[in-house]
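The values are calculated or read from the model by the stated rules, or taken from the named source; none is laboratory data. All of these numbers come straight from a predicted model, not from anything done at the bench. Methodologically, a virtual Cβ is constructed for each residue, glycine included, from the backbone with ideal geometry; neighbour enumeration extends over all protein chains shown. With ligands, DNA and RNA removed, areas are computed over all heavy atoms of the protein, side chains included. Shrake-Rupley method; radii C 1.70, N 1.55, O 1.52, S 1.80 Å.
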Amino acid sequence: MARHALGVLGVVAAGILLAVSAAMNYRFGFSLGKTALDGEIYGAASAAADCFKALVPFFLFAAIRNRMWSQAFAAALVWAVVTSYSMTSALGHAALNRLDTTGQRAVEAANYKDLRADSKRAQDQLTWIPAHRPAQTVSAELNVIKAQRPWLVTRECTEVSGKAAREFCQQFHKLNAELASAQQSQKLESRISEIGAKLAKTAGGTVMAEADPQASVLAKITGLEVDKVQTALTIFVALLIEIGSAFGMYVAFAYWRINDRAPERAPAAPAMAAATVAPAVRSAAAAAAAAMPALEPLAATDEEQAAAEPPAPRRLNANDNRLPRGVPDSDVQRFYRERVIAASESSSLTSTELYEEYCRWCEDNEKEPFAHPRVTREIGELGVKKERIGKRTRYFGIALRSEAGRQEDKKLPTPLPRAA
């Protein structure tokens, strides 16, 4: 249960990395298109190449296990090409995002500093204005002065003659200056309030920090320049995503081993029945041979000859069809017992022929077939002599049972060979 849970978590994590990498490749490929359609084409090709990058390791290592060197070389070449393209796309996307983020943060910091400077300037100008009353109060007093007779006599203080006229106009100009100060003060206060509202909308902690805090800290620790640290971080992020998406699925499935199944336990009763029936069959066969001595020796069955002849000494890689007691039979061992017989040393079968017959046996018995490498490995562990001839593996000393003899073979099960 724990293995399955870890396998599920590994597949989920690898799937997330693969989705992120495919999205990065799609966005970068889309940015290369001149039109929207071209962008969609480049983006789809980039995403497909990224997904294929995660599948190629399965094909590559399977071809290496099967010693199919041409397929392994082709898979390695395809993997190198798609991984290189995906790596460049990831580098471009990561660099573009880092530059955009740091640039935007630098612009926000500059704007924040400009607003603070404008606010300080307005506050300084406000302190330069002399003390004054509210603008409405000063304006009301000016209206009172304009309603007096000297205002008309001096023609709005443009023609001043005499001491009384000068004092009247001086009072008017003094109120007029106070009104201007009050109005300028109102403008500066409004500007300071507007700048304060803009500053309140900006996060001071963000704009007052470095444009790239991570690169700045690492630059201080390592003593390198910020630009070099930013480049190294961009490469590291791209490698993280690409390696995780390329080998994550293979590692997760390799740990999970979903194609492996526990060997099936054979029931004890049929084995005991077969052991009980076998001596009776051999006795009946011996009696029939004694009663009919005139029959041709060629008419004797393989089982009768095996019972009559003494056991020969075991040779290396000999198919003696014996297994340790108490070991349950796997599907491959049952297939070998039911469909394969011992033959002369000149007789041989290719691994492909054995696997095709095994698939037919699984179909007849309603079983899920194992993978080709596992079947050939288990057959090799039975002690069957094999050689590599050309590009094919051949097993010597065995042959397939005929279709006509399969029903009889099911009645008399053949023991399996023992590993050398």
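Across the protein chains, with a 1.4 Å probe defining accessible surface, the residues 198, 385, 228 rank 228, 198, 385 from largest area downward. Counting only protein heavy atoms and a 1.4 Å probe, segment 1-91 has 59 square angstrom of accessible area per residue. Separation of the alpha carbons by more than 24 angstrom is noted, of 120/187; 146/174; 146/187, for 146/187.
Of all the accessible heavy-atom surface of segment 4-85, with the other protein chains kept in place and a 1.4 Å probe, what percent is carbon and sulfur? Provide the component values of the computation, followed by the final result.
On the way: 3760 of 4820 Å².
Carbon and sulfur: 78 percent of the exposed surface of segment 4-85.
Summary of packing: across the peptides 135-142, 351-358, the per-residue average of other C-beta atoms within 10 Å ranks them, highest first, as 351-358, 135-142.
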